[in-house]
Each structure stands twice: as C-alpha cells, then as structure tokens.
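Have a look at the structure below, then the notes.
The values are calculated or read from the model by the stated rules, or taken from the named source; none is laboratory data. Everything quoted here is computed from the prediction, not taken from an experiment. We place every Cβ from the backbone using ideal geometry, glycine too, and count neighbours over all the protein chains shown.
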Amino acid sequence: MTRLALILVASIALSSCGLRPLYGGASSPAARALGEVEVGPIEGRAGYLLRGALERRLGAAARRDTRYRLVVELDDQIIGFGVRADNAVTRERRTLRARWQLVDVSTGATYLDATSGSDAGIDVVSSEYATIAAEQTALERLCEEVADQIVARIALYAARDTQPEQ
C-alpha cells in the first residue's frame, strides 16, 4: 500500500515539473517547423553529405509546404599536427564548421543565424589509401554530427517561439 502511495505521489510530482518532450508527435511546434524547412544547395563533397543528412532529419520527402530555407556555408579543414623527427605527419585533425541561417522564404527575414561544428582526429598511417579512407569516414561522421546540432537548434527555436506567455 505504501509503495502504491509513493508511486502516485512521484507521478504527480513528475507531471508538474514543467518538462515537455521537444518532439511531441507530428503536431508539436518543433515537428511542424522542421517539416517546413527546405535546405538550400551547399557546395562541395562536404556540402553534399551535410545536405543529405539534414534532409533525412527534416523529413524532406514528406514536405508539403516550405516556409523556411536553411542557408549553409561550410569550412572544412584538415590540419596535420603530429610530426615525427623526419617531418612526417602522424596525426591530423579534420574540422567541419557550418555557418547557417534560417530564413523566411516569403519575407527574407532571418530567424536564426548561428554556427555549428565538430572535429575528428585521424591517424596517418603508412598506407595512403587507409589515410584517405579515414579522412572520408571522419567527414561523413562530422556531417552527421553537424546536422544533428543544426536540427536540434531549429527545433528548440520553434518550441520556444510558440510557447504561450506565462
């Protein structure tokens, strides 16, 4: 009997804590806003990968209306920083930074102007093929991480923007 009472009290306390799921179904403000975002073209291989990752997260196939356009500029760099005595690079760092804007299609107003980015370390080995493959894998992983950051930021904006005044 005491367990049941504790469970009841805990459920009441948790329900009043103010936490709400960000993606609360297809009718939530965040889900609706994400479904209205069109991703503009992004240059380069990294742009192709990032655009695909963004479209998968935004549900591009199910989109009916476009209210927003996502404009993205990328900076993709590989820097060698581990150097042996014979000046051969042994470690690289790949950095992907995205400056992006969420723009209203009808008015041209910018709602969000932000940056997202991530880094990955790459071991340079004696096989050039293996090093190139590691660089490409790192780029694919970085594009997925940056896409997650961008979509989460847009969803947070949409959820906050539509909250009633308290």
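At-a-glance table
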read-out	value
Extreme residue, farthest from Ala30 (Cα to Cα), among residues of the stretch 105-126 that are in contact with a strand residue (DSSP E or B) (Cβ under 7 Å, 6 or more places away or on another chain) and among the hydroxyl-bearing types (Ser, Thr, Tyr)	Ser118
From Ile154, Ile122, residue being touching an Asp or Glu at 6+ places or on another chain (Cβ under 7 Å) and at pLDDT below 95	Ile122
Test set (1) surrounded by 13 or more Cβ atoms within 10 Å (Cβ to Cβ); (2) over 23 Å from Val37 (Cα atoms); (3) not basic (Lys, Arg) - Ala98 fails condition number	(2)
Candidates Ala147, Ala138, filtered to the one that is more than 19 Å from Gly40 (Cβ to Cβ) and crowded, with 19+ Cβ neighbours inside 10 Å	Ala138
Of all residues making up the stretch 107-126, the number that are surrounded by 12 or more Cβ atoms within 10 Å (Cβ to Cβ) and under 19 Å from the mean Cα position of the chain (by Cα)	9
Filter result for Gln149 (out of contact with any helix residue (DSSP H, G or I) (no Cβ under 9 Å at 6 or more places or on another chain), modelled with pLDDT of 95 or more and over 18 Å from Ala53 (Cα atoms))	no
Of the criteria (1) under 14 Å from Leu70 (Cα atoms); (2) crowded, with 17+ Cβ neighbours inside 10 Å; (3) small (Gly, Ala, Ser), which one Ala159 fails	(1)
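Every residue, every condition in (1) buried (at least 17 other Cβ atoms within 10 Å of the Cβ); (2) more than 17 Å from Arg45 (Cβ to Cβ); (3) in contact with a strand residue (DSSP E or B) (Cβ under 8 Å, 6 or more places away or on another chain); (4) modelled with pLDDT under 90, yes or no:
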position	(1), (2), (3), (4)
Ala61	no, yes, no, yes
Val72	yes, no, yes, no
Gln77	no, no, yes, no
Gly82	no, yes, yes, yes
Ala88	no, yes, no, yes
Val103	yes, yes, yes, no
Glu128	no, yes, no, no
Pro164	no, yes, no, yes
